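Heads up: the structure comes next, in structure tokens.
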Amino acid sequence: MPIFKGQNIVAFGRRFQSDLDCKKYLSEVKWSSGYTCRKCGHHGSQVRKDYSRTCNKCSDTESPGADTLFHKVKFGMLNAFHICFEMATPTKGMSALQVGRRYGIRPDTARVFMHKVREAMKSSGNYPMDGEVHVDEFVVGGKESERPGRSYGGKKKKVVCAIELTKEGKVKRFYGLQIKDFSAKSLRPIFERHISKEAKVTTDEWKGYRPIAKDFQITQIPSDFGLNFKAIHTAIHQVKSWICTTFSYVSKPHIERYLNEYSFRTNRSQTKQTIFHMLVKRMVNADKIFVENLI
Ligand SMILES: [Zn+2]
């Protein structure tokens with residue numbers, strides 16, 4: 001099966017014209033290395049008209065979307081594919097309200113599905129950033145504090161983020177994690193998850209980074225009103241304005257999902273040709289997530 005490539009919506013529309021086209025695509029992703037019955041482990045099966053497979057031994061029938069993040073999609077696989085395409089390819093994502101309007105789906109239903117897509121977008125953590133890395137924190141929601149330094153209180157959501165720089169000083173990759181405060185303990189996980197011990201990390205002079213410098217190569221320099229951290233501040237500005245303009249309210253459990261979505265697109269800006277296929281593959285390989293675990 002040729003995988004779908006590119007960002008052309010007309011080509012996408014030509015390739016996927018019905019729910020059945022999408023199920024065929026899913027079945028080929030799901031059983032790309034052969035079929036194994038989920039009940040009895042048998043390998044022989046019959047392919048049904050809707051690309052489900054029925055085990056030759058125990059007769060269990062499995063649909064291509066079963067036990068994936070496409071499990072029991074209520075609004076049709078074609079709509080689901082389009083939403084994935086829209087979330088993967090543009091530089092700016094869409095809100096559940098916009099998606100609901102465009103596909104004739106209730107915003108709540110769209111929101112749940114979009115959170116599943118964001119789960120699939122979550123970083124594997126398998127490719128820590130190396131080379132030149134900058135780390136900084138920011139807050140989202142509520143009024144921006146005029147006071148310099150780190151405020152510990154307030155309703156604002158706190159985020160620590162890291163970028164890997166290209167040789168030209170541009171953003172190559174971005175990761176963000178929600179944190180409860182700016183202590184060393186809260187700042188550490190982004191290092192553990194996303195930064196290699198070989199990376200040359202630069203932060204401003206915040207004391208919270210000092211204990212982490214025992215395990216990572218951290219250089220602390222004055223921020224100089226952001227002049228020393230231009231690339232990361234541009235990225236922070238982008239992610240903040242995207243979150244604030246796209247999502248009407250940012251509830252605590254969700255901010256990390258928005259960060260996942262932002263990272264997924266940013267970190268694949270060089271491989272946009274295959275981004276849709278990569279996303280579908282992740283959706284298929286992830287375990288199905290029940291609504292109650294999402295909200
Ligand atoms: Zn079986």
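Using a Gaussian network model on the chain with a 10 Å cutoff between Cα atoms, which of H233, H42, H134 fluctuates the most?
Judging by the Gaussian network model, the answer is H42.
With the crude spin-label approximation of a point 7 Å out along Cα→Cβ, what separation in nm comes out for D287 versus D50?
Calculated label separation equals 2.5 nm.
Counting only residues 5 or more places away or on other chains, whose amide H sits under 5 Å from the amide H of S45 once H atoms are built in the peptide plane?
Amide H neighbours of S45: N56.
Within a 10 angstrom radius of the beta carbon, how do I9, I179 rank from fewest other beta carbons to most?
Neighbour counts put them in this order, fewest first: I9, I179.
Using the Karplus equation 6.51 cos²θ - 1.76 cosθ + 1.60 (θ = phi - 60°), what ³J(HN,Hα) coupling, rounded to whole Hz, does each residue of the range 135-140 give in order, writing x for Gly and Pro?
10, 7, 10, 8, 10, 10
What would the Debye formula give as log10 I(q)/I(0) at q = 0.14, 0.18, 0.20, 0.23 Å⁻¹ for the alpha-carbon point model of the range 147-278, no solvent?
For the requested q values the scattering log ratios are -0.69, -1.17, -1.44, -1.75.
Taking every pair of Cα atoms in the chain, average 1/r, invert it to obtain the Kirkwood radius, and report Rg/Rh to two decimals.
Here Rg/Rh amounts to 1.02.
For H71 and K5, what does the FRET efficiency come to when R0 = 22 Å and r is the distance between their Cβ atoms, rounded to the nearest 0.05?
0.25
Exposed loop GluC sites (Glu not before Pro) only (DSSP loop, at most 15 other Cβ atoms within 10 Å): please give the longest stretch of the chain free of them, not including the sites.
Working: sites that count: E144, E146, E168, E198, E205.
Between exposed loop sites, the widest span is 1-143.
For the range 169-212, state which trypsin sites (Lys or Arg not before Pro) are in a DSSP loop and have at most 15 other beta carbons lying within 10 Å of their beta carbon. Mind showing how you got there, number by number?
On the way: sites: K170, K172, R173, K180, K185, R193, K197, K200, K207; in loops: K170, K180, K197.
For trypsin sites (Lys or Arg not before Pro) across the range 169-212 that sit outside H, G, I, E and B with at most 15 neighbouring Cβ atoms in 10 Å, the list reads K170, K180, K197.
Between K200 and S269, with labels modelled 7 Å along Cα→Cβ, what's the label distance in nm to one decimal, could you check?
With each label point 7 Å from Cα toward Cβ, the separation is 2.2 nm.
Readers should treat all values here as calculations from the given coordinates under stated rules, not as data from a laboratory. Because the structure is a prediction, the values reported are computed rather than measured. With ideal geometry, Cβ positions are generated from the backbone for all residues, glycine too; neighbour counts draw on all protein chains shown.
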